[in-house]
Amino acid sequence: MTNYGMVIDQERCIGCHSCAVACKDENNVSMGQAWNRILTTGGENIDTPAGEYPVDGGDGTLSMQYQPTACQHCENAPCVKVCPVNATYTREDGIVEIDYDKCMGCRYCMAACPYNARVFNYDKPETTAPKGTGNVEQRERGVVEKCTFCSHRLDEGLDPACTIACPSSARIFGDLDDPDSAVSRYVKQYETTQLLEDLETDPNTYYIRGEMSPGRNHLGNEMESELDEPPKRRNAEPGVPATDGGEEQ
Amino acid sequence: MARRLDDEDWEQSVEEILDESTHSTELGKQMGRDAVRVSIGEMSETDFHKKYHDAVLDEFGVDDRPTKPEEYDE
């Protein structure tokens, strides 16, 4: 069975917000809302570093790290448990999704989500990407929305928009139930964490910190499972074996 | 208990979200916290469902939460 998940390599993330912009464009997210946010850890505000520059007496401790955050697609999701009309539910492939026809906008799921990943739709989305798959239907005003792992793209064999938009290949998407997929290998091979692990929500989103991974292992829109084996990294030359993330530890 | 459940910032944020809704802020706040307690394992899904069943029916006129136990008698 398929169990979709994502690995985000925070050592590769450069905080450019390309994923957030691609998400808004792809999913027709209304103005002022974001399903995918790039938070900053360390400083007091977004895109604000902590520490001091090594000039004018500063101690050179300047640092800034990014925390990309969206729906974590928890296997044990509190948001699913509170919905009075069962509008938010977990699909068989692990994606937590919302039936916008059922949602009545009570926002109890927003209260239950520990990741603040859901937004309330005050305005009806009106923009649609002119080309490609950015044809997500408008949602009626007054529903709760969130990341769907771009399930409409997955249906077409394409990776989520955030994943292909990332210029540093920091997002890797695939089937966690497939032990040979990049997401499964990276979760096993690298030091990964899930957000707020003490709440035992068991997110399908993992974060790599410490050692940098090879990142997404191919170019193009296609999901890894749609490619010929093995997937080719952008730096692979003809006849050179594809990079697969190195030896297992 | 996870410290997160006692986080004042989270509670304030939740209140701000729910205050803009036409539905009960207090019920949403309590259910949200207890849903996390269910995830942690401090409360069973059955207990969670029973605890809020009447209140959910009063508030929404329906209770289609997926936590409904099979043996639960409406």
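Just a few scattered comments:
- Boolean, residue B:41 is at the interface with chain A (Cβ under 7 Å from one of its Cβ atoms) and in contact with a Phe, Trp or Tyr (Cβ under 9 Å, 6 or more places away or on another chain): no
- Contact annotation: no residue pair with Cβ atoms under 6 Å, 6 or more positions apart or on different chains, pairs a residue in the stretch B:12-34 that is on the phi > 0 side of the Ramachandran plot and more than 9 Å from every other protein chain (Cβ to nearest Cβ) with a partner that is in a helix (DSSP H, G or I) and of a type outside the set (Val, Ile, Thr).
- Filtered by the rule that a residue be surrounded by 23 or more Cβ atoms within 10 Å (Cβ to Cβ) and either facing chain B (nearest Cβ under 9 Å) or more than 19 Å from the chain's Cα centre (by Cα) (or both), the stretch A:108-117 gives A:108, A:109, A:110, A:111, A:112, A:113, A:114.
- Of all residues in the stretch A:68-89 being at the interface with chain B (Cβ under 7 Å from one of its Cβ atoms) and among the β-branched types (Val, Ile, Thr), the one that is surrounded by the fewest Cβ atoms within 10 Å (Cβ to Cβ): A:85
- Picking from residues in the stretch B:1-11 that are surrounded by 12 or more Cβ atoms within 10 Å (Cβ to Cβ) and more than 9 Å from every other protein chain (Cβ to nearest Cβ), the one that is modelled with the lowest pLDDT is B:7.
- Looking only at the stretch A:57-94, residues that are charged (D, E, K, R) and touching a helix residue (DSSP H, G or I) at 6+ places or on another chain (Cβ under 7 Å) come to 1 in all.
- Odd one out for residue A:72, checked against (1) within 22 Å of the chain's Cα centre (by Cα); (2) over 29 Å from residue A:142 (Cβ atoms); (3) not hydrophobic (A, V, I, L, M, F, W, C): (2)
- Filtered by the rule that a residue be touching a Gly at 6+ places or on another chain (Cβ under 9 Å) and either of a type in the set (Asp, Glu) or within 17 Å of residue A:65 (Cβ to Cβ) (or both), the stretch A:153-204 gives A:159, A:166, A:168, A:170, A:171, A:175, A:177, A:190, A:191, A:200.
- Conditions (1) surrounded by fewer than 20 Cβ atoms within 10 Å (Cβ to Cβ); (2) touching a Phe, Trp or Tyr at 6+ places or on another chain (Cβ under 6 Å); number of the one not met by residue A:149: (1)
- Test: residue A:38 is over 19 Å from residue A:17 (Cβ atoms) and in contact (Cβ under 8 Å) with a residue 24 or more places away in the chain: no
- The stretch B:18-53, residues that are over 20 Å from residue A:115 (Cβ atoms), β-branched (Val, Ile, Thr) and in a helix (DSSP H, G or I): B:25, B:46
- Residue count for the stretch A:15-35, restricted to those that are in contact (Cβ under 8 Å) with a residue 24 or more places away in the chain, closer than 15 Å to residue A:119 by Cβ and surrounded by 13 or more Cβ atoms within 10 Å (Cβ to Cβ): 9
- Subset tally (residues that are farther than 18 Å from residue A:75 by Cα and assigned to a strand (DSSP E or B)) for the stretch A:206-231: 2
- Filtered by the rule that a residue be under 20 Å from residue A:155 (Cα atoms) and of a type in the set (A, V, I, L, M), the stretch A:62-97 gives A:95, A:96.
The values are calculated or read from the model by the stated rules, or taken from the named source; none is laboratory data. It should be emphasised that the depicted structure is a prediction, and the values quoted were computed from it without experimental measurement. With ideal geometry, Cβ positions are generated from the backbone for all residues, glycine too; neighbour counts draw on all protein chains shown.
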